[in-house]
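Take a look at the structure below.
The values are calculated or read from the model by the stated rules, or taken from the named source; none is laboratory data. Since this is a predicted model, take the numbers as computed values, not measurements. In this analysis, Cβ positions are derived from the backbone assuming ideal geometry, glycine residues included, and neighbour counts consider all displayed protein chains. Areas reflect the complete protein model, heavy atoms only, side chains present, ligands, DNA and RNA absent. Shrake-Rupley method; radii C 1.70, N 1.55, O 1.52, S 1.80 Å.
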Amino acid sequence: MFVAWRDLRFARGRFVLIGSVVALITLLVGFLAGLTGGLASQNISGVLGLPGDRLVLQKPATGKPSFSESVIDSATRTSWRAAPGVDDVTPVGIVQGRASIHGAASAVGVAVFGLPAGAPASIVADLTPTDDDSVGLSAGAAADLGAQVGDRISIAGSDYRVGRIGGDAWYSHTPVIALSPDAWAGVDRRLGGDGDPTVLAVAGAPDWDAVAASTDTTAMPVLTSVTALETFTSEIGSLGLMIAMLFGVSALVVGAFFTVWTMQRAGDIAVLKALGASTGSLVRDALGQALVVLLAGIGVGITIVAVLGSLAGGVLPFLLSPLTTLLPAAIMAALGLAGAAIALRTVTHADPLTALGSNR
Amino acid sequence: MITLDDITLTFPDGDARITAVDHVSLTAPNGVVTGITGPSGSGKSSILAVAATLIRPDSGRVWIGDTDAAALSRDDATALRRDSIGIVFQQSNLLPSLTAREQLLVMAELGGRSRRSRAAVRLRADDLLDAVGLSGHRDKRPAQLSGGQRQRVAIARALVNDPGVLLVDEPTSALDQERGGEIMDLLARLTRERQTATLLITHDLVHRDALDELITVVDGRASTAAHRVEA
Ligand SMILES: Nc1ncnc2c1ncn2[C@@H]1O[C@H](COP(=O)(O)OP(=O)(O)OP(=O)(O)O)[C@@H](O)[C@H]1O
Ligand SMILES: [Mg+2]
């Protein structure tokens with residue numbers, strides 16, 4: 001790194017420029033990732049907050065299983081409960097509706113979850129009230145309604161008391177409100193449903209596929225089950241595509257810069273080889289230099305993302321976590337290095353004989 | 001000491017091959033400047049390139065100490081250049097981002113197990129810059145040095161790793177006559193002081209006093225009788 005460091009200092013301007021480009025792309029990627037994460041969490045954190053190892057949905061005659069269309073009848077519940085290897089089955093009802101705080105003129109959209117008290121602990125299960133007259137509000141629901149414990153709210157024409165306010169859980173961009181199964185069945189019927197739960201949260205280790213096939217259901221791990229949320233796939237798909245394109249752009253930009261830079265240095269590289277520099281040491285120098293530029297650019301970019309993200313968190317759905325900062329940063333660094341590696345051809349192929357020529 | 005033993009080197013030229021070096025044998029002893037002269041295109045640089053292990057000859061041997069440098073692999077030749085051969089190019093070939101002193105220090109950073117400690121290289125670099133009369137210019141970059149000063153830095157750089165062999169290709173071609181004479185005298189002095197086997201190419205003979213031996217190359221063939229130049 002002897003020459004690499006001095007080149008960095010000597011050609012400061014050029015390296016600051018490419019570092020800034022890297023920082024800018026990192027900023028874009030980080031911001032998009034944070035936004036994607038935020039949107040995703042507003043879409044699916046309620047589903048991810050359900051108990052159990054897998055979620056069982058009704059398998060429609062045609063098309064993909066869907067949270068909004070699934071209905072689990074009592075025969076299916078019984079079959080799953082009876083299947084060998086199943087430890088626990090929690091029937092969950094999910095329906096979207098509107099709720100308003102007592103006396104307020106306007107209503108807010110909410111996701112009404114119904115599940116029995118005493119289900120295995122999870123974010124949503126912990127909201128669940130023990131009686132039919134109470135509701136548990138997720139933090140987002142409480143904030144949207146402006147409700148506190150003890151307030152009365154109305155959902156689909158019935159009044160409930162706010163029994164507890166818990167963690168954050170969202171479903172399809174609406175905050176989660178948890179009810180007892182009977183209260184939920186009432187809400188579902190008033191909204192046009194038949195009161196049957198829509199999902200089973202199953203814990204244990206049964207022969208998932210066999211039981212699912214015999215009951216006309218699908219049993220997906222909680223994380224993959226979110227593809228059954230129509231809005232989620234399309235939303236995350238397009239944002240994910242943008243992020244992937246930005247990754248590609250950054251690899252290209254860094255690769256192009258270091259290719260041109262290394263070609264400019266081809267004469268120096270030939271001289272160093274003629275003086276006895278091993279190809280290994282020259283490659284280390286070149287990659288080390290690229291890594292310094294990348295880490296500096298990415299570091300600045302991620303710092304700005306973290307600052308902006310914490311500011312934007314109140315206004316936008318923005319998720320600031322290692323998954324939306326460190327992971328994109330690591331991918332940027334890896335892709336950038338891969339881009340810089342394209343330039344290594346010039347280093348490994350430089351012919352020290354050319355250093356002897358008089359027309360450098 | 002470096003000995004070229006029956007070296008032949010050809011280059012592809014269309015369908016045929018052109019013979020740049022034709023059965024050349026020569027010996028450059030330690031402490032002596034052996035000059036190689038001859039018309040343009042006669043094969044002088046080619047001889048130097050073979051001696052420097054920058055190109056492998058078609059046949060013949062290059063003895064540096066008791067190593068046949070012509071038979072070495074690419075990597076071993078690189079290591080040999082690093083440790084045992086100093087090269088001064090026609091152009092100074094300094095690195096633009098390094099100061100005069102750093103041009104010398106970089107010689108300890110070229111890879112391989114460095115033979116000497118960095119502190120020792122620093123001392124040696126200062127000593128060499130002193131020897132070429134540039135102690136006052138150690139922190140200047142090539143762009144801030146004159147052509148003659150650059151060539152002095154290049155000579156000092158070639159000597160940092162204490163090579164047994166010093167190969168010099170037309171060191172004065174970019175300099176005026178006076179500056180050229182100084183460089184030649186410097187090379188002659190350092191050759192004696194450091195007992196290097198110096199092989200020096202020059203096509204004009206204004207500075208022949210600085211040469212101890214002179215070999216003339218014509219059409220790739222060295223004149224058999226290397227004659228003593230009276231100083
Ligand atoms: N890389 C090469 N490829 C093909 N032919 C070459 C190459 N290098 C040299 N030659 C040929 O080899 C012959 C000797 O060239 P060389 O460079 O050794 O001459 P020289 O004596 O150093 O000349 P000058 O005084 O002009 O530098 C020339 O005919 C030249 O055209
Ligand atoms: Mg030549």
query = Can you tell me how many residues in the stretch B:128-147 are open to solvent by 10 Å² or more (accessible area, probe 1.4 Å) and under 17 Å from the mean Cα position of the chain (by Cα)?
reply = 0
remark   = Of B:THR8, B:THR99, the only residue that is more than 16 Å from ligand 1 (Cβ to nearest atom) and either modelled with pLDDT of 95 or more or closer than 19 Å to B:ILE155 by Cα (or both) is B:THR99
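Right, A:VAL3: in a helix (DSSP H, G or I), over 25 Å from the mean Cα position of the chain (by Cα) and surrounded by 22 or more Cβ atoms within 10 Å (Cβ to Cβ) or not?
Yes: the conditions hold for A:VAL3.
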Boolean, A:PRO91 is surrounded by fewer than 21 Cβ atoms within 10 Å (Cβ to Cβ) and either at pLDDT 90 or above or within 14 Å of chain B (Cβ to nearest Cβ) (or both) = no
Single residue of A:VAL108, A:VAL71 found to be more than 19 Å from A:SER225 (Cα to Cα) and β-branched (Val, Ile, Thr) = A:VAL108
query = Which members of the stretch B:8-18 meet the condition of being within 16 Å of ligand 2 (Cβ to nearest atom) and either in a loop (DSSP other than H, G, I, E, B) or away from chain A (no Cβ under 14 Å) (or both)?
reply = B:ILE18
query = In the set A:THR324, A:THR259, A:THR279, which member is within 14 Å of chain B (Cβ to nearest Cβ) and more than 16 Å from ligand 2 (Cβ to nearest atom)?
reply = A:THR279
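Look at B:VAL106 and say whether it is open to solvent by less than 10 Å² (accessible area, probe 1.4 Å) and over 16 Å from the mean Cα position of the chain (by Cα).
So B:VAL106 passes the test.
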key: Whichever residue in the stretch B:183-198 is in contact with a strand residue (DSSP E or B) (Cβ under 7 Å, 6 or more places away or on another chain) and either of a type in the set (A, V, I, L, M) or within 16 Å of ligand 2 (Cβ to nearest atom) (or both) and, among such residues, is nearest to B:GLY147 (Cα to Cα)   = B:LEU187
ask   = From the set of residues in the stretch B:157-199 that are within 13 Å of chain A (Cβ to nearest Cβ) and part of a helix (DSSP H, G or I), which is nearest to ligand 1 (Cβ to nearest atom)?
value = B:ALA158
query = Taking the stretch A:327-360 as the search range and keeping residues that are within 14 Å of A:LYS273 (Cβ to Cβ) and of a type in the set (S, T, N, Q), which one is farthest from the other protein chains (Cβ to nearest Cβ)?
reply = A:THR346
message = All but one of (1) at pLDDT 90 or above; (2) closer than 20 Å to A:GLY192 by Cα; (3) of a type in the set (A, V, I, L, M) hold for A:ALA156; state the number of the condition that does not hold.
response = (1)
ask   = Does A:ASP196 satisfy the criteria of being buried (at least 17 other Cβ atoms within 10 Å of the Cβ) and either in a loop (DSSP other than H, G, I, E, B) or of a type in the set (Val, Ile, Thr) (or both)?
value = yes
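Quick one: which of A:SER172, A:SER180, A:SER158 is surrounded by fewer than 18 Cβ atoms within 10 Å (Cβ to Cβ) and assigned by TED's automatic domain parsing to the domain that holds A:ALA141?
Numbers: A:SER172 fails: surrounded by fewer than 18 Cβ atoms within 10 Å (Cβ to Cβ); A:SER180 fails: surrounded by fewer than 18 Cβ atoms within 10 Å (Cβ to Cβ).
A:SER158 is the lone residue from the list that is surrounded by fewer than 18 Cβ atoms within 10 Å (Cβ to Cβ) and assigned by TED's automatic domain parsing to the domain that holds A:ALA141.
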Failed criterion for A:ALA143 (all others in (1) buried (at least 16 other Cβ atoms within 10 Å of the Cβ); (2) modelled with pLDDT of 90 or more; (3) out of contact with any strand residue (DSSP E or B) (no Cβ under 6 Å at 6 or more places or on another chain) hold) = (1)
The lone exception for A:ARG98 - which of (1) without any contact (Cβ under 8 Å) to a residue 12 or more places away in the chain; (2) surrounded by 15 or more Cβ atoms within 10 Å (Cβ to Cβ) it fails = (1)
key: Any pair with Cβ under 8 angstrom, 6 or more apart, that starts in the stretch B:27-53 at a residue that is more than 13 Å from every other protein chain (Cβ to nearest Cβ) and ends at one that is of a type in the set (D, E, K, R) and within 13 Å of ligand 2 (Cβ to nearest atom)   = B:ILE36/B:LYS44; B:THR37/B:LYS44; B:GLY38/B:LYS44
The stretch B:54-81 - residue that is within 14 Å of another protein chain (Cβ to nearest Cβ) and either in a loop (DSSP other than H, G, I, E, B) or within 16 Å of ligand 1 (Cβ to nearest atom) (or both) and, of those, surrounded by the most Cβ atoms within 10 Å (Cβ to Cβ) = B:LEU54
message = Filter the stretch B:19-45 down to the residues that are within 11 Å of ligand 1 (Cβ to nearest atom) and either in a loop (DSSP other than H, G, I, E, B) or over 13 Å from B:LEU199 (Cβ atoms) (or both) and list them by number.
response = B:THR19, B:ALA20, B:VAL21, B:ASP22, B:GLY38, B:PRO39, B:SER40, B:GLY41, B:SER42, B:GLY43
ask   = In the stretch B:151-182, what residues are within 16 Å of ligand 2 (Cβ to nearest atom) and charged (D, E, K, R)?
value = B:ASP169, B:GLU170
ask   = Could we say that A:GLY237 is facing chain B (nearest Cβ under 9 Å), over 12 Å from B:LEU110 (Cβ atoms) and open to solvent by 10 Å² or more (accessible area, probe 1.4 Å) here?
value = no
